[in-house]
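**Student:** Sending over a structure as structure tokens; questions will come in a sec.
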Amino acid sequence: MKTSVLLFKSGIILLILFTICENSLAQIHKITIGEINYKSDKSMDSGDWVELWNYGNQTIDISNWILQGEKFNEFYIIPQGTTIGSNKRKVLVRDAVMFQQIYPGVDFLGPFVFRLSGKGQPIRLYDNFNMLYLEMAYNDTLPFPKTPDGHGKTLELIDPESDLNDGENWFAGCILGSPGSQFKPCFTNLVFSEINHSSDDLLDAGDWVEIRNVGNVEVNVTNWTFKNRKDTLTNEFKIPANTIVQPGEHLILAKKNKFSDYYPDVPNVVKPFEFGIRSHQEILKLYDENGKIYTSMFYNNLAPWPVNAGNNGITLELLDSSKSLCSATNWFDGCVGGSPGAYYSPVCLYNSINKYSVNNKEDKIYPNPFKTSTHIEIKTGGENRENLKLVVYDFTGRAVSTEFYPEKDINHLGEGWVKITFERKSIDPGMYFYRLYSQSNLTLSTGKLMIEN
């Protein structure tokens, strides 16, 4: 009986000692998965790879540690003598030849024999005692980033102390990622800077995308290719010869030829591309003249992305070109009709007329579109109707016409309704906005005007 008790006590002691050792190792071993490449863009395919990151302050020996894939028999044993220094990284690859072709100077281990996928792929890491050290599952669906799913970018970890299974703890890295190195902000001379994916009925210029040169050298984009999420021949647009984007300037890729009917003064426009860009979970990509991916981005029309973009012709505008194009907080609601070929101005009609710049439901504007003149009928209520002022703005917020209507030029229709006539005069064709003021400078009506040739 005493022997049994002693053995039982010994078992308790051993269990306690083992637990203490295990907890000590957990405190010392600060190793995590820092980056994952599970599906390369076809133009720059490095094969699958996983980066292990020692974010602690001690060198760790990971000899005989095991990386395991989805199935029990899918594993790779890390070779004897492998260590990771403090804040250093080791890359484990599936295909050594493919990896070296893309990253010729990066050290790696491998190859492992299993494939990575984006369909809830689990990854497990076991220590040299064959104890499960970490387990995670990533995905190609939100909230995980979308551009690592075959669009040139990688999954990069945000916080090693937070949940690896949380999609919001990962972000889309740079094109080709940063295997074996700490992430550094990406820089490309050309960035997507404005997107119009849902035109207003009165400004149906079609889908268009603005590209800005944020560098200090010109970029010749002859034979570069623009694509969306679908990697097919019907969903790509080849940029024509002699297309150059100067530093600080823009290039507009337009779906419809009639873009220039609405924006006749916008320079450097190439068109038409034959596919549409959607408002919900879309990806835009740009490839250089050699067919290699240059940049890619993801956007959405649901929070945390700006939710007004696409409503009544409001565009999606880039906030900071030095930050991620895939970050929802780096985009904001632009103007009605946007600012293609120009930098965003807070004076745009989205701010200066009203929140959505739509015609008041009861107001009547006819004809609209028009060529020479149009009539505006409004119900003024109790406001003074003897002197009215109409201001017409272009899409940048610049007033192009200011008309005053004394009593003799106002047609009183009864029951508070009045009608005025606006003459086009020398205003160029295009989309405009108006604001009608009372004598006391109160806004009575706002809306859109479309002038045709």
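Read-outs: derived from the displayed coordinates by stated rules, not from any lab. What you see is a predicted model; the values in this text were computed from it and never measured. Glycine gets a Cβ as well: all are built from the backbone with ideal geometry, and neighbour counts include every protein chain shown.
**Student:** Would you order L449, L132 from fewest to most other beta-carbon atoms within 10 Å of each residue's own beta-carbon?
**Tutor:** The most exposed by this proxy come first: L132, L449.
**Student:** Only Lys, Arg, Asp and Glu count, each charged at its Cβ (+1, +1, -1, -1), so figure out the dipole size of segment 364-451 about its Cα centre, rounded to 20 debye.
**Tutor:** 200
**Student:** Express the relative contact order of segment 190-344 as a whole percentage, based on alpha carbon pairs under 8 Å and six or more residues apart in sequence.
**Tutor:** Relative contact order comes out at 27 percent.
**Student:** Let me ask something additional. How would K153, K425, K408, K255 line up from fewest to most surrounding beta-carbon atoms within 10 angstrom?
**Tutor:** Going from least to most buried by this count: K408, K425, K255, K153.
**Student:** Still on this structure: At 25 °C and a viscosity of 0.890 mPa s, what translational diffusion coefficient does Stokes-Einstein give for the chain, taking Rh as the Kirkwood radius over Cα pairs? Give it in µm²/s as a whole number.
**Tutor:** On the way: Rh = 25.9 Å.
Diffusion coefficient, whole number: 95 µm²/s.
**Student:** Helix-derived [θ] at 222 nm for the chain: sum -39500 (n - 2.57) over DSSP H runs of at least 4, divide by residue count, nearest 500? Intermediate results must be reported in sequence, preceding the final value.
**Tutor:** Working: 4 runs with 42 residues, N = 453.
Taken over the chain, the calculation gives -3000 deg cm²/dmol.
**Student:** Roughly how tilted is helix 2-28, in degrees to the nearest 10 and between 0 and 90, from the longest Cα axis of the chain?
**Tutor:** Here the helix axis deviates by roughly 40 degrees.
**Student:** Let me ask something additional. Just want to confirm a number: the relative contact order over the chain, from Cα pairs under 8 angstrom separated by 6+ residues, in percent.
**Tutor:** Result for the chain is 10 percent.
**Student:** Another question about this same structure. Hey, with R₀ at 60 Å, roughly what FRET efficiency would T443 and Q80 work out to, going by the Cβ-Cβ distance, to 0.05?
**Tutor:** Approximately 0.20, to the nearest 0.05.
**Student:** Two decimals is fine: what's Rg over Rh for segment 190-344, C-alpha atoms, Kirkwood radius as Rh?
**Tutor:** Working: Rg = 14.2 Å, Rh = 15.4 Å.
Across segment 190-344, the Cα-based Rg/Rh ratio is 0.92.
**Student:** For E135 and S373 in one chain, what is 0.36 nm times their gap in residues minus the Cα-Cα distance, to one decimal in nm?
**Tutor:** Fully extending the segment from E135 to S373 adds 78.7 nm.
**Student:** What's the exposure ranking of I33, I102, going from fewest to most Cβ atoms within 10 Å?
**Tutor:** If I rank by nearby Cβ atoms, fewest first, I get I102, I33.
**Student:** Same structure, new question: Which length gain, in nm to one decimal place, applies between F72 and S345 when the Cα-Cα distance is subtracted from 0.36 nm times their residue separation?
**Tutor:** Working it through step by step, the gained length comes to 92.5 nm.
**Student:** In whole percent, what relative contact order does segment 364-451 give with Cα contacts below 8 Å and a gap of six or more residues?
**Tutor:** The normalised contact order for segment 364-451 reaches 34 percent.
**Student:** On a full-extension model of 0.36 nm per residue, what is the gain between D204 and K389, subtracting their alpha-carbon distance, rounded to one decimal in nm? It would help to have the intermediate numbers written out before the result.
**Tutor:** Working: separation 185, 0.36 × 185 = 66.60 nm, distance 2.82 nm.
Taking D204 through K389 to full extension adds about 63.8 nm, to one decimal.
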